[in-house]
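This report concerns only the one structure given below.
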Amino acid sequence: MSVRHFLRRAALPQRTFAATTTRHYASQKPGNPVLEIFNRKVKHVQKDRAAWNVDESRKVDYLKDEVAMRLCERLLDIKRDFTNVLDLGANSCNIARALTTPNPDPDPEAGSSAPLATRISKLTCADTSRALLYRDADLPFNQELAIERDVIPDLESLPYKPNSFDAVLSSLSIHWINDLPSLLEQVNTILKPDCPFIAAMFGGDTLFELRTSLQLADLERRGGVSPHVSPLADVRDVGGLLNKAGFKMLTVDVEDIVVEFPDTFALMQDLQAMGENNAIMHRQLGPLSRDVLLANEAIYRQLHKEEDARGIPATFRLIYMIGWKESENQAQPLQRGSGQVNLKDILGGGSFDGT
Amino acid sequence: MPNKTRPIEKFAKATAQCSAEAAAYGKCVVADYNAVQKDMCAKEFMRLKDCYLAASKKI
């Protein structure tokens, strides 16, 4: 008997208990696993609460109005009349407001073209929060466009029939969706063939300043971190998601909007008044402790404030996406390398050394 | 409620009067932000908090 054999035998009794446990094949649940990241009930309550304070809520619409305007600019490029349009997650119908404002032409002599609303016969604004949706129902812009406000119980399962909309728009809402792939698939279903889905959402590095400084404040004061800023989709993911949902001819682009605030308290107050406060499922409940707030203010200033700036910056990264529902006689992208005209001849330009 | 200041506004006002203490605390944390530990800057924080408490009494 070799030494090696002897050793193995001696070691055996210690291992026997491990051998008696049996491993079973884990059963797999049917369907896609659904991750619950955001608490939908909490989000609903936050939106309602924000909208009840009408004055505050209107004051902080600067971001949603601006993004709605930029989103609607993308509609200008589509020379088409839309009979039936859905605004998915309408907030306070910011898109409707943007659609009814005249579009100034880049060339000042040409004046401004008619508002986009003239090309739209009916706009359905859908959201979960009744208070927010009806907040501006008696403002003048409502007369310029046929708006139907639709309070739906849940943004993640749409109560509409397939092939019913000529366009689906969505501005700053779908970053609160738990199951984005499923929602995009539903949007693709309710669209008529060869009709666009145009959306803007917060993504990636949105509020990275607040995220980092709160983490540091949490660590230094409490010795641990709880999530305070939502996880967000990245630009790279969006193309894949749209593709997977069956959209064709995708366009995805990114834009950063940096807003200056006097201090972190003003930033957090504004977020709350927008109804955009934290609604992550597994977080520490209750408000932030005063110690963490105080520490956060100091760290944010130190880490992110520019030398000679008056206030602190907060970055909002917006992801704009356009996808078209597939149709037989839809314009197709040409084969690679089939171009007959050199773009350089049209756009001009020269070599890289500036000649 | 136009005349009532919200607690957070009061908080912001009091904190704004402690910019020197806040900067000292901020510098302490940011100086080594890859290895932040609990109470790493406790001394600086207590100074900031004392200043804030004193300032909030005056508002």
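The values are calculated or read from the model by the stated rules, or taken from the named source; none is laboratory data. The structure presented is a predicted model; accordingly, all values stated were derived computationally and were not measured. Cβ: placed from backbone, ideal geometry, glycine included. Neighbour counts: every protein chain shown. All accessible areas refer to the heavy atoms of the entire protein, side chains included, with ligands and DNA or RNA removed. Shrake-Rupley method; radii C 1.70, N 1.55, O 1.52, S 1.80 Å.
Numbers for the structure displayed
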{"read-out": "Chains A and B, summed buried accessible surface - 1.4 Å probe, Å², nearest 100", "value": "2100 Å²"}
{"read-out": "Other protein chain Cβ atoms within 10 Å, averaged over every residue that makes up A:266-273", "value": "1"}
{"read-out": "Top of A:Ser226, A:Ser213, A:Ser338 by mean-square fluctuation, Gaussian network on chain A, Cα under 10 Å", "value": "A:Ser338"}
{"read-out": "Sequence ranges A:88-96, A:248-256, ranked by mean other-Cβ count within 10 angstrom, highest first", "value": "A:88-96, A:248-256"}
{"read-out": "Out-of-range pairs (alpha-carbon distance over 30 Å; input A:Lys41/A:Lys79; A:Lys64/A:Lys244; A:Lys43/A:Lys248)", "value": "A:Lys41/A:Lys79; A:Lys43/A:Lys248"}
{"read-out": "For B:20-27, mean number of other protein chain Cβ atoms within 10 Å", "value": "5"}
{"read-out": "Antiparallel content of DSSP bridges confined to the protein assembly as shown, in %, to 5", "value": "55 percent"}
{"read-out": "CD proxy at 222 nm, helix term only [per DSSP H run n ≥ 4: -39500 (n - 2.57); per residue of chain A; nearest 500]", "value": "-11000 deg cm²/dmol"}
{"read-out": "Solvent accessible area, Å² - A:His44, 1.4 Å probe, full protein context", "value": "70 Å²"}
{"read-out": "Size descriptor, Kirkwood hydrodynamic radius, that averages inverse alpha-carbon separations across the range A:221-303, Å", "value": "16.0 Å"}
{"read-out": "Rounded tilt (10° steps) of A:3-20 against the dominant C-alpha axis of chain A", "value": "60 degrees"}
{"read-out": "At least 50 Å² accessible surface lost relative to isolated chain, residues of the range A:296-330 (1.4 Å probe)", "value": "A:Ala298, A:Gln302"}
{"read-out": "Heavy-atom accessible area order for A:Glu220, A:Glu144, A:Glu56, largest first, 1.4 Å probe", "value": "A:Glu144, A:Glu56, A:Glu220"}
{"read-out": "Residues of the protein assembly as shown: accessible area per residue with a 1.4 Å probe, Å²", "value": "57 Å²"}
{"read-out": "Kirkwood-based Rg to Rh ratio, the range B:16-58, C-alpha trace", "value": "1.04"}
{"read-out": "Accessible area of the protein assembly as shown belonging to carbon and sulfur atoms, whole % at 1.4 Å probe", "value": "54 percent"}
{"read-out": "Cα long-axis angle, helix A:62-76 against chain A (0 to 90 degrees, to the nearest 10)", "value": "70 degrees"}
{"read-out": "Candidate lysines for bridging to B:Lys57, where Cα separation is under 22 Å - those fewer than 8 sequence places away on the same chain excluded", "value": "B:Lys4, B:Lys10, B:Lys13, B:Lys43, B:Lys49"}
{"read-out": "Enclosed volume per residue, in Å³, of the convex hull spanned by Cα atoms of the protein assembly as shown", "value": "318 Å³"}
{"read-out": "Peptide ranges A:183-191, B:26-34 listed from the most packed, as the mean C-beta count within 10 angstrom indicates", "value": "A:183-191, B:26-34"}
{"read-out": "Compactness of the range A:293-355, expressed as Rg and Dmax over alpha-carbon positions, Å", "value": "24.3, 63"}
{"read-out": "Principal-axis tilt of helix A:235-244 within chain A, Cα atoms, nearest 10 degrees", "value": "80 degrees"}
{"read-out": "Cross-link partners of A:Lys192 among aspartates and glutamates (Cα-Cα below 18 Å; sequence separation of 8 or more within a chain)", "value": "A:Asp81, A:Asp87, A:Asp166, A:Glu326, A:Glu328"}
{"read-out": "Of A:Ala51, A:Ala117, A:Ala26, the one that fluctuates the most in a GNM where chain A has Cα springs shorter than 10 Å", "value": "A:Ala26"}
